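To start, the structure itself, in C-alpha coordinates.
The values are calculated or read from the model by the stated rules, or taken from the named source; none is laboratory data. On a predicted model such as this, the values are computed, not experimentally measured, just so you know. No Cβ is skipped: glycine too gets one built from the backbone with ideal geometry, and neighbour counts run over all protein chains shown. Just so you know, the surface numbers come from the protein's heavy atoms only, side chains and all, with ligands and any DNA or RNA stripped out. Shrake-Rupley method; radii C 1.70, N 1.55, O 1.52, S 1.80 Å.
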Amino acid sequence: MTNYTTIAGDMWDGIAYKTLGDETYTDKIIKANPEFRRLFVFPAGIVLNIPDPEPRVAGGLPPWKRGQG
(Lines give C-alpha, C1' and ligand atoms only; values in the text may rest on other atoms or scores of the structure.)
Protein backbone atom coordinates (compact mmCIF):
# COMPACT_ATOMS: atom_id res chain seq x y z
CA MET A 1 0.00 0.00 0.00
CA THR A 2 1.21 3.48 -0.82
CA ASN A 3 -0.01 6.98 0.01
CA TYR A 4 -1.26 9.83 -2.13
CA THR A 5 -1.64 13.43 -0.95
CA THR A 6 -4.56 15.17 -2.62
CA ILE A 7 -4.41 18.32 -4.67
CA ALA A 8 -7.35 20.73 -4.46
CA GLY A 9 -10.00 19.54 -6.89
CA ASP A 10 -8.97 15.89 -6.97
CA MET A 11 -11.82 13.39 -7.33
CA TRP A 12 -11.88 9.67 -6.63
CA ASP A 13 -11.76 8.54 -10.25
CA GLY A 14 -8.94 10.91 -11.10
CA ILE A 15 -6.94 9.70 -8.12
CA ALA A 16 -7.46 6.09 -9.24
CA TYR A 17 -6.25 6.96 -12.72
CA LYS A 18 -3.23 8.96 -11.48
CA THR A 19 -2.09 6.39 -8.96
CA LEU A 20 -3.10 3.05 -10.46
CA GLY A 21 -3.63 3.87 -14.14
CA ASP A 22 -7.32 2.94 -14.29
CA GLU A 23 -10.58 4.41 -12.98
CA THR A 24 -11.90 0.93 -12.23
CA TYR A 25 -9.82 0.98 -9.02
CA THR A 26 -11.96 3.81 -7.64
CA ASP A 27 -14.02 1.53 -5.38
CA LYS A 28 -10.90 -0.09 -3.91
CA ILE A 29 -9.44 3.31 -3.02
CA ILE A 30 -12.71 4.39 -1.42
CA LYS A 31 -12.83 1.16 0.62
CA ALA A 32 -9.24 1.77 1.76
CA ASN A 33 -10.22 5.27 2.99
CA PRO A 34 -13.73 4.98 4.49
CA GLU A 35 -13.38 8.15 6.57
CA PHE A 36 -13.35 10.21 3.34
CA ARG A 37 -16.04 8.29 1.41
CA ARG A 38 -18.50 11.20 1.54
CA LEU A 39 -16.12 13.61 -0.17
CA PHE A 40 -16.65 14.09 -3.87
CA VAL A 41 -14.10 16.84 -4.54
CA PHE A 42 -11.04 16.86 -2.30
CA PRO A 43 -9.28 19.82 -0.75
CA ALA A 44 -5.48 19.84 -0.84
CA GLY A 45 -3.44 17.93 1.70
CA ILE A 46 -5.49 14.84 2.53
CA VAL A 47 -3.34 11.72 2.67
CA LEU A 48 -5.09 8.69 1.20
CA ASN A 49 -4.08 5.04 1.35
CA ILE A 50 -3.71 3.58 -2.13
CA PRO A 51 -3.98 -0.21 -2.28
CA ASP A 52 -1.64 -2.19 -4.48
CA PRO A 53 -3.12 -2.93 -7.90
CA GLU A 54 -4.22 -6.46 -8.62
CA PRO A 55 -2.54 -8.16 -11.55
CA ARG A 56 -4.86 -8.33 -14.51
CA VAL A 57 -5.10 -11.05 -17.08
CA ALA A 58 -6.77 -10.49 -20.41
CA GLY A 59 -10.08 -12.34 -20.56
CA GLY A 60 -9.51 -13.41 -24.15
CA LEU A 61 -6.60 -15.68 -23.31
CA PRO A 62 -7.00 -19.45 -23.30
CA PRO A 63 -7.33 -21.03 -19.83
CA TRP A 64 -3.74 -22.31 -19.73
CA LYS A 65 -2.47 -18.74 -20.20
CA ARG A 66 -4.84 -17.31 -17.57
CA GLY A 67 -3.39 -19.49 -14.82
CA GLN A 68 -6.43 -21.76 -14.83
CA GLY A 69 -6.02 -25.37 -15.41
Has the range 30-46 got at least one residue that is on the phi < 0 side of the Ramachandran plot, at pLDDT below 95 and either open to solvent by less than 80 Å² (accessible area, probe 1.4 Å) or part of a helix (DSSP H, G or I) (or both)?
no
Test for Pro62: is it more than 16 Å from Asn3 (Cα to Cα), at pLDDT below 95 and of a type outside the set (Lys, Arg)
yes
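Take the residues in the range 8-24 that are of a type in the set (A, V, I, L, M, F, W, C) and open to solvent by less than 50 Å² (accessible area, probe 1.4 Å); name whichever of them is farthest from Leu39 (Cα to Cα).
Checking each candidate, the answer is Leu20.
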Taking the condition of being open to solvent by less than 80 Å² (accessible area, probe 1.4 Å) and either modelled with pLDDT under 95 or touching a Ser or Thr at 6+ places or on another chain (Cβ under 6 Å) (or both), how many residues in the range 48-59 meet it?
4
